[in-house]
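Colleague: Dumping the structure here so I can ask a few things about it.
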Amino acid sequence: MNNRIWMQCIIGLIACFSCILTYASSIEGYWRSIDDRTGEQLTIIEIRKALDNTYRGKIVYIYPNAQGVVVTHCTNCPAPYTGKPRMGLDVLTGLIEDPLKPNNFINGRIVESKTGKVYKGKARLTADGKRLHMRGYVGISALGRTVVWIRTDSANP
């Protein structure tokens with residue numbers, strides 16, 4: 001009888017932890033992007049799942065730069081982003097869940113709206129669901145850099 005109670009407790013704990021881990025695997029929500037070189041806050045990005053089951057991220061808030069200036073348009077971006085307002089710009093497209101690795105996402109495309117550079121992208125969500133390691137690269141993943149996005153509660157700082 002005692003063993004049966006222990007087994008039920010263990011099964012209950014496993015069910016609780018699996019629910020927590022399942023919740024943590026969602027990247028939908030608001031993310032604060034930080035410049036990996038300067039430590040400056042750049043933008044808040046909203047990630048949502050599209051109808052085609054890919055994830056898309058758009059800028060919903062832009063922080064002023066160190067001089068207090070807000071860069072409002074994507075001046076150095078390639079077509080079709082050239083001259084477009086940064087607010088509402090889709091900076092992350094095509095990201096899908098990696099079927100082989102939980103909390104990993106692949107096949108994305110990232111536009112760095114501050115510089116106009118376009119990268120292939122992949123991401124890894126931490127187990128607690130609070131940090132998203134975004135890897136942007138050209139060609140192969142080794143030729144790129146990783147920035148950390150921090151989960152935030154809303155589109156406003």
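Colleague: Restrict the check to segment 130-152 and report whether at least one residue is of a type outside the set (Ser, Thr, Tyr), in contact (Cβ under 8 Å) with a residue 24 or more places away in the chain and touching a helix residue (DSSP H, G or I) at 6+ places or on another chain (Cβ under 6 Å).
Modeller: Taking segment 130-152 and keeping what is of a type outside the set (Ser, Thr, Tyr), we get 130-136, 138-140, 142-145, 147-151.
Keeping just the survivors that are in contact (Cβ under 8 Å) with a residue 24 or more places away in the chain gives 132, 134, 136, 144-145, 147-151.
Right, trim to touching a helix residue (DSSP H, G or I) at 6+ places or on another chain (Cβ under 6 Å) and you get none.
For segment 130-152, residues of a type outside the set (Ser, Thr, Tyr), in contact (Cβ under 8 Å) with a residue 24 or more places away in the chain and touching a helix residue (DSSP H, G or I) at 6+ places or on another chain (Cβ under 6 Å): absent.
Colleague: Something else: Within the bounds of segment 21-33, is there any residue that is modelled with pLDDT under 85, exposed (fewer than 13 other Cβ atoms within 10 Å of the Cβ), within 21 Å of residue 151 (Cα to Cα) and among the polar types (S, T, N, Q)?
Modeller: yes
Colleague: Here's a follow-up. Run down 129, 83, 139 and say which single residue is under 18 Å from residue 26 (Cβ atoms) and part of a loop (DSSP other than H, G, I, E, B). Break it down into steps so the answer makes sense when it comes.
Modeller: Values: 83 fails: under 18 Å from residue 26 (Cβ atoms); 139 fails: under 18 Å from residue 26 (Cβ atoms).
Going through 129, 83, 139 in turn, the sole match is 129.
Colleague: Residues to consider are 93, 72, 82; find the one that is under 18 Å from residue 47 (Cβ atoms) and of a type in the set (Ser, Thr, Tyr). Steps first, answer last, please.
Modeller: Details: 72 fails: under 18 Å from residue 47 (Cβ atoms); 82 fails: under 18 Å from residue 47 (Cβ atoms).
Answer to the selection: 93.
Colleague: For residue 66, are the conditions met, namely being free of Cβ contacts under 8 Å to residues at least 24 places away in the same chain, surrounded by fewer than 17 Cβ atoms within 10 Å (Cβ to Cβ) and of a type in the set (Gly, Ala, Ser)?
Modeller: Working: free of Cβ contacts under 8 Å to residues at least 24 places away in the same chain: no; surrounded by fewer than 17 Cβ atoms within 10 Å (Cβ to Cβ): yes; of a type in the set (Gly, Ala, Ser): yes.
For residue 66, the condition - free of Cβ contacts under 8 Å to residues at least 24 places away in the same chain, surrounded by fewer than 17 Cβ atoms within 10 Å (Cβ to Cβ) and of a type in the set (Gly, Ala, Ser) - is not met.
The values are calculated or read from the model by the stated rules, or taken from the named source; none is laboratory data. What you see is a predicted model; the values in this text were computed from it and never measured. When we count neighbours, we look across all protein chains shown, and the Cβ atoms used for this are built from the backbone with ideal geometry, even at glycine.
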